[in-house]
Every structure is written in structure tokens, then in C-alpha cells.
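Right, one structure below, let's go through it.
What follows is calculated from the coordinates using simple rules that are stated; it is not laboratory data. In this text, all values refer to a predicted model and were calculated from it rather than measured experimentally. Here Cβ is always computed from backbone atoms with ideal geometry, including for glycine, and neighbour counts include all displayed protein chains.
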Amino acid sequence: MNIKSFAFVGLCFGLICCAVAPVSHQVQNSFPIQKPFESVWTAIIETFAELNLPIMNMDKASGLITTDWMSADKTFCDCGSPGFTTAERETRGKFNVFLKKVSDDSCEMKINCNFKMIVFYTVSNPKKYRCVSTGKVEGSIYKSVSEKLK
């Protein structure tokens, strides 16, 4: 192997090694709420409408609301870094909210988030990387629902 080839391989290896995995965050995604199911359900629907969240499925009987994939703020998740690249990146997220009746006057709301970063190295073959939640989405939804219940 000549010196130029060795240098090129070394440079490529160095750039790939710059990739960083996402860091796991301590996230609260379960919230007890001391209000009746009907009131909390209404507050969740109002929150989704205010935040313009695209509801994909909604089933009041099961207490489940799911969103479709949407563009996500990069502060909502940790995607790590795919390494040195100037390729265009897009962060997307989807989540579900599950409301469970605990008693006549209390519920539990669980929020599960999924995030991914799409890196467009080429238009026809984008790469997808799994991201982890920072807890900001869960906290902001809980805060909005709580404010509506006051």
C-alpha cells in the first residue's frame, strides 16, 4: 500500500470514528393526575390541537392517542452524531399518549416518544439513526395538560 492510500484510509477511519452514539437520558414519562378521566382526556385533546400535533389514531375507550411522524426540534431528542458529514439532516418524532383510569378521581398519563435522525448522504439512500428522548416533549405535554385542568 502506498503512502497516499494509507493516508486516505487513515483519514476515512478518523472521520468515521468521530461518530458519537446518543446518550441515555433520565426521562419521566408517567404522570399521575388527580382528576377524572373525562376531564384529562379533554385536556389532552386540547393540548394536541394547540400544539398542532398530527393525530394518527385516537381511541377513547382504550385511552390511546398516537401521532404520525413529524418534524421535531433537535432539543427534544439526543441523536448523537453520525460523524463528520456535511449531509443534510432531518430530525423526526412520533409518540403516543396513554391515559389510564386509576379511580373515579384519578388517572395516569404515559407518554412514549420515538425519534430518528435522517441523514441524506444521497437523495435516493438516506440513512436513519435512532435517537433518544431528552424528556422535554413529555414534560411540555404534561405541563400543558395540567394547566388546562386548573
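Please pick out the residue among 97, 132, 40 that is surrounded by 18 or more Cβ atoms within 10 Å (Cβ to Cβ) and within 22 Å of residue 23 (Cα to Cα).
After applying the criteria, what remains is 132.
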Handout entry: residue 93 being in a strand (DSSP E or B) and either under 30 Å from residue 149 (Cα atoms) or touching a residue at least 12 places away in the same chain (Cβ under 8 Å) (or both)
Key = yes
Fill in the blank from the handout: The one condition residue 119 fails out of (1) free of Cβ contacts under 8 Å to residues at least 24 places away in the same chain; (2) β-branched (Val, Ile, Thr); (3) assigned to a strand (DSSP E or B) is (1)
